[in-house]
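Right, one structure below, let's go through it.
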Ligand code: SAH
Ligand code: F3S
């Protein structure tokens with residue numbers, strides 16, 4: 001049976017898509033290769049959000065063509081995901097060694113296309129058409145065996161696409177219009193995951209606060225997304241619920257109240273702010289002001305003082321003045337995010353921001369990025385340090401990624417805690433006392449572990 005290796009770039013949706021493609025191929029009899037070495041099929045699941053991500057994948061494919069292909073001409077090479085969607089056949093024109101280009105609405109066709117290529121029926125395949133109903137096709141999960149590597153957490157795709165059209169963002173082009181899955185299908189998937197030992201689900205979408213707007217709608221003041229959270233809350237065996245990413249514009253009171261209503265909903269929110277300047281927010285077409293964003297944060301913290309709040313920020317958006325940047329700095333200081341992902345603005349072909357006046361020179365972007373990074377990192381380090389001595393609930397996920405002799409779990413606020421435990425703890429909720437804080441990692445005391453079942 002042919003073996004396949006999938007390398008994933010980019011966001012959690014891509015991780016989830018790769019997992020679903022891998023599961024689909026395993027069901028069709030393929031085996032998963034641990035690395036590209038020796039694999040019969042090598043697929044790159046790509047990201048288009050920034051130019052650097054595209055260059056990485058292109059460089060990798062060039063290397064595969066020159067190296068792997070040269071020694072094993074029968075190897076099948078493919079691009080999937082966002083770059084495949086936005087570039088299509090151009091990828092084969094640029095890199096003639098590529099056999100397969102699979103867009104973001106065609107993941108479920110991967111096995112079919114590979115079979116055609118491997119059996120010689122097709123030479124090359126480019127499939128990037130829109131496909132109605134494709135949002136429901138990302139269902140299969142790949143949950144590994146038992147024991148230490150058992151999957152305790154899983155991503156569940158609830159919708160595809162985004163209609164917001166932020167002026168810097170390529171996602172509405174690569175992922176298409178918003179399409180939501182039905183609540184009952186998502187609940188069914190969560191039940192299935194629970195029966196396979198999954199204890200925590202993360203509901204995934206580009207803009208989850210727009211979930212089901214058209215298809216389901218608001219009922220008694222409760223948005224479709226919160227109706228979905230309520231339905232997942234009722235799934236036996238699922239102990240924790242997370243979601244990513246919401247949009248500040250859609251973060252209504254019903255969602256803030258959900259944290260109190262649904263005990264499984266973890267006290268953590270990834271709320272991309274992008275900028276602290278109203279002028280820039282407007283140019284970005286974000287649909288909220290700084291004041292509105294700060295009001296949401298205030299309400300979230302009033303509802304739950306320990307809430308873990310993370311964000312995304314772009315520096316160097318066209319027209320960003322020193323004063324605009326100062327506004328972002330001041331927002332970062334005022335909000336004190338628990339983590340922040342900082343991005344240097346990258347012009348994306350076809351997005352409106354490319355044509356805005358006042359493109360910022362690269363050295364200025366670098367300087368602002370470094371300055372903001374220092375500011376947010378100091379705050380994050382202080383907050384991690386402040387949690388030393390507290391007792392927190394973690395869900396034990398498996399061996400620590402940094403040191404396989406230890407275990408790691410996550411707090412409800414989405415911080416990683418490393419501790420010494422035994423494999424039988426995997427999948428359990430535990431209380432640990434935080435002894436020490438490192439870089440983005442907390443260390444828990446194994447001596448004060450209280451088991452409370454799984
Ligand atoms: N709504 C999606 C956004 C996906 S892109 C989600 O949160 O899942 C993730 C982040 O990349 C965005 O929040 C933004 O901060 C950053 N980003 C998007 N387009 C960018 C660009 N052209 N240049 C730099 N950063 C960008
Ligand atoms: Fe992109 Fe804005 Fe949607 S960042 S994914 S267009 S909410």
Worksheet item: Within region 163-179, is there a residue that is farther than 30 Å from residue 318 by Cα and touching a helix residue (DSSP H, G or I) at 6+ places or on another chain (Cβ under 8 Å)?
Response: yes
Worksheet item: How many residues does region 305-323 hold that are part of a helix (DSSP H, G or I) and buried (at least 21 other Cβ atoms within 10 Å of the Cβ)?
Response: 0
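Hey, does region 116-123 have a residue that's touching a strand residue (DSSP E or B) at 6+ places or on another chain (Cβ under 8 Å), within 15 Å of ligand 1 (Cβ to nearest atom) and either within 30 Å of residue 400 (Cβ to Cβ) or in contact (Cβ under 8 Å) with a residue 40 or more places away in the chain (or both)?
The answer is no, given that none of the residues of region 116-123 is touching a strand residue (DSSP E or B) at 6+ places or on another chain (Cβ under 8 Å), within 15 Å of ligand 1 (Cβ to nearest atom) and either within 30 Å of residue 400 (Cβ to Cβ) or in contact (Cβ under 8 Å) with a residue 40 or more places away in the chain (or both).
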Discussion item. Within region 226-252, take every residue that is within 16 Å of ligand 1 (Cβ to nearest atom) and touching a helix residue (DSSP H, G or I) at 6+ places or on another chain (Cβ under 6 Å) and give me the one that is nearest to residue 428 (Cα to Cα).
Written reply: 243
Fill in: Breaking point among (1) more than 16 Å from ligand 2 (Cβ to nearest atom); (2) part of a helix (DSSP H, G or I); (3) surrounded by 22 or more Cβ atoms within 10 Å (Cβ to Cβ), for residue 111
(3)
Item to complete: Filter region 332-343 down to residues that are in a strand (DSSP E or B) and in contact (Cβ under 8 Å) with a residue 40 or more places away in the chain and give me whichever is farthest from ligand 2 (Cβ to nearest atom).
Response: 339
Practice prompt. Starting from residues that are within 11 Å of ligand 1 (Cβ to nearest atom) and over 16 Å from the mean Cα position of the chain (by Cα), keep the ones in region 158-169 and report whichever is surrounded by the most Cβ atoms within 10 Å (Cβ to Cβ).
Written response: 168
Fill in: Condition check for residue 384: surrounded by 14 or more Cβ atoms within 10 Å (Cβ to Cβ) and either in contact with a helix residue (DSSP H, G or I) (Cβ under 8 Å, 6 or more places away or on another chain) or under 24 Å from residue 269 (Cβ atoms) (or both)
yes
Worksheet item: Among the candidates 174, 104, 202, which residue alone is within 16 Å of ligand 1 (Cβ to nearest atom), modelled with pLDDT of 95 or more and surrounded by fewer than 21 Cβ atoms within 10 Å (Cβ to Cβ)?
Response: 202
Worksheet item: Do the conditions hold for residue 302, that is, is it away from ligand 2 (no atom under 14 Å from the Cβ) and assigned to a helix (DSSP H, G or I)?
Response: yes
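Scan 17, 40 and give me the residue that is touching a residue at least 60 places away in the same chain (Cβ under 8 Å) and within 16 Å of ligand 2 (Cβ to nearest atom).
17
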Discussion item. Being out of contact with any strand residue (DSSP E or B) (no Cβ under 8 Å at 6 or more places or on another chain) and crowded, with 21+ Cβ neighbours inside 10 Å narrows it down to one residue among 223, 210, 195; which is it?
Written reply: 223
Practice prompt. Mind telling me which of the residues 413, 375, 328 ends up being in contact with a strand residue (DSSP E or B) (Cβ under 7 Å, 6 or more places away or on another chain) and either within 16 Å of ligand 1 (Cβ to nearest atom) or not in a loop (DSSP other than H, G, I, E, B) (or both)?
Written response: 328
Worksheet item: Does residue 28 satisfy the condition of being out of contact with any strand residue (DSSP E or B) (no Cβ under 9 Å at 6 or more places or on another chain) and touching a residue at least 24 places away in the same chain (Cβ under 8 Å)?
Response: yes
Worksheet item: Taking region 273-291 as the search range and keeping residues that are part of a loop (DSSP other than H, G, I, E, B) and closer than 16 Å to residue 336 by Cβ, which one is nearest to ligand 2 (Cβ to nearest atom)?
Response: 273
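The values are calculated or read from the model by the stated rules, or taken from the named source; none is laboratory data. Worth saying up front: this structure is predicted, and the values here are computed from it rather than measured. Every residue, glycine as well, gets a Cβ built from its backbone with ideal geometry; the counts of neighbours run over all protein chains shown.
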